[in-house]
């Protein structure tokens, strides 16, 4: 179960008023606002089943065009820590319309996860048994059986240039990813108070059976050159109600001590309004696949896109891909996934410069593996059978409902509840996050 309680301190520098709210949702008001700039700062206190207790600070910085007050460029900065010692630092920037002929987008981030999820490859071909991580179960092996320690660094830059056709752009970029992986077997953490049992985890099982190579088992560096096109007719960057967005690109990488691989991504999003935008139908289809050689295992979970919006941009599974499915439950070299969502404007509220809209939504998410990881079903002495002989090519589904809180058409909080009928892949879950799901 997930829940999120946020203390928000709203301060208006010009009016010299301070508002303190205790809410179950984020309400953000500019700490500093003038004709050129807007600055938002708010502390957060969160709890959910994946990262446990989470505290941090989020900052938004917007630069506006003087002529029409439209967005010129923006940057966001997140720093947070969880009770399980996951540390997050992420800086995102987008020059948007600051320059007439080019647009720059990029990320600088670091994330250390002491309990990073690892459920193997090919979805349900790797079995999931909840009892393996429950100390009260007769099947208990380790509370960290489906975990590993992971540190990730990302430095990325993409350059966009308008093409010969309206709304069409060409882009190219350079991305650097660095991963440090370590087994949790017999490790002490949380100031030495908790000791992981001296037994194999699923990650250790994959290494011992050769499904993760000795070259990749401790992580490595990946350097990517990528290029492609985007086509964008959306009426808003943050909360679109009409138009479409398409991106298609190739990424070529030379992993450290590994083979060259080629990744292809395609993403299509569409928004169809009805009744003067009171009702909006949103749809997304995405595809990711690899050619030439297989990338290192630690890069398979990362979902490449030109629009990174949070540190945890992985899947399949979780609020960024298939709600109701466990985060990172479906990992494979080739995947396709999609979402259909209806958004109904149910409530509007305005006080001075604060415009809040509440939007009800229902959704269906789905995904499927189209290229499987070549798993070796090797038995390991004294260890339970974990890998099925054949992969399951069934479509994974998630269904649910939720609410968007949209402030000033830029800052968004989403609350979702999702279920799945496939118990091997997920369970009923709450998702509370900033921004739209897509």
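Nothing in this text is a laboratory measurement; each read-out follows from the coordinates by a stated rule. These figures come from a predicted structure and were not determined experimentally. Reconstructed Cβ throughout: ideal geometry from the backbone, glycine too, with neighbour counts over all protein chains shown.
Under the criterion of Cα pairs below 8 Å and six or more residues apart, the relative contact order for the chain equals 11 percent. Global size of the range 305-409: 19.5, 69 Å for Rg and Dmax (C-alpha atoms, Rg to one decimal, Dmax whole). Summary of packing: across the peptides 297-304, 325-332, the per-residue average of other C-beta atoms within 10 Å ranks them, highest first, as 325-332, 297-304. Across the range 336-351, the residues whose backbone nitrogen lies under 13 Å from the label position 7 Å along the beta-carbon direction of residue 274 are 341-345.
Peptides 268-279, 226-237 ranked from most to least packed by the mean count of surrounding Cβ atoms within 10 Å: 226-237, 268-279.
Counted by neighbouring Cβ atoms within 10 Å, the residues 62, 291 run from fewest to most as 291, 62. Computed packing ranks the peptides 366-378, 137-149 as 137-149, 366-378, most packed first, by mean other Cβ atoms within 10 Å.
When the helices of the chain are scored as -39500 (n - 2.57) per DSSP H run of n ≥ 4 and the total is divided over every residue, the value at 222 nm lands at -500 deg cm²/dmol. For the range 207-361, relative contact order (Cα pairs under 8 Å, six or more residues apart, normalised by length) works out to 16 percent. When only Cα pairs below 8 angstrom with a gap of at least 6 residues are kept, the range 297-435 shows a relative contact order of 23 percent.
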